[in-house]
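Okay, so here's the structure we're looking at.
Nothing in this text is a laboratory measurement; each read-out follows from the coordinates by a stated rule. Everything numeric in this text was worked out from a predicted model, so none of it was measured. Cβ: placed from backbone, ideal geometry, glycine included. Neighbour counts: every protein chain shown.
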Amino acid sequence: MEFDSHPAGAGLTVTLKGRMEFTDHEHLRTLVRLMENLPSASVYAIDAGGLDFIDSAGLGMLLILEEEAEQRGLKLVIRGIRGGVRRSIELARIDDIITIEP
Amino acid sequence: MTGRPVTGAFRPSGPALCDNSLRVAVACDRVPPALAALAVGVPPAPPGTGARRAAILVGDGLDRDGLTRLLAGEAGFVVEADESPPAASSPDPGLSPDPGLSPDPGWTRVVVPQALFALSLSTRTSWTAQPAAAVCDALVLLGVLDGDSRGTVELCLHEAVANAIVHGNLGIASAAKNHPEGYETFGRLLSERLADPRRRRLRLTVAARWADGWLDITVVDEGQGFDLALLPRAADGNSRSGRGFVFMRALAAGVDVCDGGRCTRLRFALT
């Protein structure tokens, strides 16, 4: 998986590309660290439009990011999911927990 | 066992393996017994139906594209050589100019199988070579899967492979994630275990067989297994583990866990 981040208003948008899977666990700490210094109530948005594949470990990482955002008073949203990534999120019922935007 | 192993220098058709491919891949007709066992009962390919070898033994540098190419057209069995090669056998001097790789004398003789391919990789290579994606790439190239069916098979196979690597060969329990900051512990364990010479050499074995409208895939690891009673039966968005089996059970026509959790069999209907 490749990722990039850029400021978006008071918050941050993280763009994910490729495959988000169990071998990407090492990136999780960095993705959490990006939340530091964001003002409370700002949006930590994940642009998943470039994501081709996600496995159960990748979904677990999204849940951890949701928990970490909540602890910091941030609003986490996921945008642009498609194809197999959308199916995996819906199958695991992650969309009951994390805000999914078009 | 009679007969000498037939070992020939082999140059893969593409550049993905290594420019110095004579030293990283050889054709042979013997594979580890555990791999050969997955092909028991599979008929041999009819003679004259292609240039596939029975098996190819590869060294370092295997990636997804190289693995795909080997599985789709070069060999029925793909075996990664151990990091510490077994004692030198006696490759046929008429076929091989000492390519540096040779099958173990105790391995089992195989022939080119019909409608089956199988691989045996170290955990080290399984971590980087995306074996589930490569298997599905190869099945698409062979016309077994189409674009619609591929996604379902890949997700299920990927989950079985991830379980085999992380929970099986690397021996990391899902419980490592089940407490605050658990992901830090999980990440540390992954790094430590992947660097462990014993664990990184443990094998991941995958066999895919297609016949009579069914695709059957078997994934085998060399870990300690697990308690099958702990597997979740349904999706729970909040759970930190077990979601992979939920995927497999929802999407595959059949999921069978055997050998105390060291073996997962997946079945899919081919349309």
In nanometres, the difference between 0.36 nm per residue of separation and the alpha-carbon distance of A:Asp95 and A:Lys75 is 5.7 nm
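For the stretch A:2-101, what is the percent of antiparallel DSSP beta bridges, rounded to the nearest 5?
Values: 7 of 23 bridges.
Roughly 30 percent of the DSSP beta bridges within the stretch A:2-101 come out antiparallel.
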Residues meeting the amide H criterion for A:Ile81 (H placed from the backbone, H to H distance under 5 Å, 5 or more places apart or on another chain) are A:Ala48
Length gained, B:Asp63-B:Ala269, 0.36 nm per residue minus C-alpha separation, equals 71.3 nm
Simple spin-label estimate for A:Thr30/B:Arg198, 7 Å along Cα→Cβ, in nm, reads 3.3
For the stretch B:40-46, Karplus-derived ³J(HN,Hα) couplings (6.51, -1.76, 1.60; θ = phi - 60°; whole Hz; x for glycine and proline) come out as 4, x, 7, x, x, 5, x
For chain A, averaging the sequence separation of alpha carbon pairs under 8 Å that lie six or more residues apart and dividing by its residue count, the contact order in percent is 27
Within 10 Å of the Cβ of an average residue in B:147-157, the count of other chain Cβ atoms is 2
Label model pair A:Asp4, B:Ala253: point-to-point distance (7 angstrom along the Cα→beta-carbon line) in nm is 4.4
Sequence order, the stretch B:242-252: Karplus ³J(HN,Hα) from phi using 6.51 cos²θ - 1.76 cosθ + 1.60, θ = phi - 60°, Hz rounded, Gly and Pro as x, gives x, 5, x, 5, 4, 4, 4, 5, 6, 10, 8
Counting sequence-distant residues (5 or more places) and residues on other chains, those with an amide H built under 5 Å from that of B:Leu202 are B:Thr123
Placing each pseudo-label 7 Å from Cα in the direction of the beta carbon, B:Asp148 and B:Thr49 end up separated by a distance in nanometres of 2.7
Counting other chain Cβ atoms within 10 Å of each Cβ in A:45-54 and taking the mean gives 1
Expected vector for the stretch B:149-163, Karplus 3J(HN,Hα) from phi with 6.51, -1.76, 1.60 and θ = phi - 60°, integer Hz, x for Gly and Pro, equals 7, 4, x, 5, 5, 5, 5, 5, 5, 4, 5, 5, 5, 4, 4
Expected integer from the mean partner chain Cβ neighbour count at 10 Å over A:57-63 is 4
For B:149-156, B:116-123, A:89-96, ranked highest to lowest by mean beta-carbon neighbours within 10 Å, the order is B:116-123, B:149-156, A:89-96
The set of residues whose placed amide H lies less than 5 Å from the amide H of A:Gly11, leaving out same-chain residues fewer than 5 positions away, is A:Val43
